[in-house]
Amino acid sequence: MTLRVLIADDHAMFRSGLRAVLGTQPDLACVGEASDGRAAVSEVLRLRPDVAIIDIRMPRLDGLRATEEILADPANATKVILLTTYDHDTYVHRALRAGASGFLLKSLPPEELIAAVRVAARGDALIDPSVTRRLSARLADGIAPSPPSADLDLLTTREREVLLLLAGAYSNAEIAGRLGIGDETVKTHVSRILTKLNLRDRVHAVAYAHLNGLVGQAPAHPDPGKDQAGRGRRRREGTRRDP
């Protein structure tokens, strides 16, 4: 399946370069461009791409406001990745609250941006590693964007583990491999997390984890091959864990 991508940035050279990068991938296709925030909203509503890559600082309507308008549309199915040169905390928090599927710096290597498009398309969220490290350090110093929600107490130990892995951009299969449980069990845990915390989807679950000071506890993203090998070994040995 080809993922349809829209690029919104007020610099024509950047749009051209990003279109060329996406064009190197057989499963990605750039279906539209926009040079300002207002046009970005209009083009997303018209083209309904799978993923929109939107720069934060644009004329007429900034990328954050554009994202808020796009994701507020009940009929919207487009995932939004926000790009910026500046990693201000205010930008990160607004992006997460709006439901953006990614917050990335423009200095990110092309291959990582390509991976981020695929992560967003599958319904997960990704924050630039340098931003995550900085937020983790601030949280460790007691500078949290908001106090932890009491709703976290509603989660079981396993559900909290799954939430932390969601915050680390793990897929269901990777979570299953990490915890030694089945894919269907992971889906059940995710569904219960969303219900208990009154969250709309996985992206909001990731935002919730970041905004409630859990980001520093999320493990580094695994080597999928290693996890799958471990999972297969556990199955052969007949080892099981309680969900």
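The values are calculated or read from the model by the stated rules, or taken from the named source; none is laboratory data. Note that this is a predicted model, so its numbers are computed, not measured. With ideal geometry, Cβ positions are generated from the backbone for all residues, glycine too; neighbour counts draw on all protein chains shown. Each accessible area value is taken on the protein alone, full model and side chains, heavy atoms only, with ligands, DNA and RNA left out. Shrake-Rupley method; radii C 1.70, N 1.55, O 1.52, S 1.80 Å.
Report the local net charge at Leu152: Lys and Arg +1, Asp and Glu -1, summed over other residues whose C-beta lies under 11 Å from its C-beta.
Local net charge: -1.
Relative to the present Cα-Cα distance, how much length would full extension add between Thr85 and Lys187 at 0.36 nm per residue of separation?
Extra length from Thr85 to Lys187 when fully extended: 33.2 nm.
Counting only residues 5 or more places away or on other chains, whose amide H sits under 5 Å from the amide H of Phe103 once H atoms are built in the peptide plane?
Leu82, Leu126, Ile127, Asp128
With only Lys, Arg, Asp and Glu charged, each at its Cβ (+1 for the first two, -1 for the last two), find how big the charge dipole of region 48-91 is about the Cα centre; round to the nearest 20 debye. Provide the component values of the computation, followed by the final result.
Working: 5 positive and 8 negative charges, 33 e Å.
In total the dipole reaches around 160 debye.
Between Glu112 and Thr195, what is 0.36 nm times their sequence separation minus the Cα-Cα distance? Round to one decimal in nm. Can you show the working numbers first?
Details: separation 83, 0.36 × 83 = 29.88 nm, distance 3.18 nm.
My answer for the length gained is 26.7 nm.
Report the calculated FRET efficiency for Arg122 and Arg19 (r = Cβ-Cβ distance, R0 = 25 Å), to the nearest 0.05. Provide the component values of the computation, followed by the final result.
Details: r = 22 Å, r/R0 = 0.88.
About 0.70, to the nearest 0.05.
Just the accessible area for Leu152, please: 1.4 Å probe, Å², rounded to the nearest 10?
Surface open to solvent at Leu152 totals about 10 Å².
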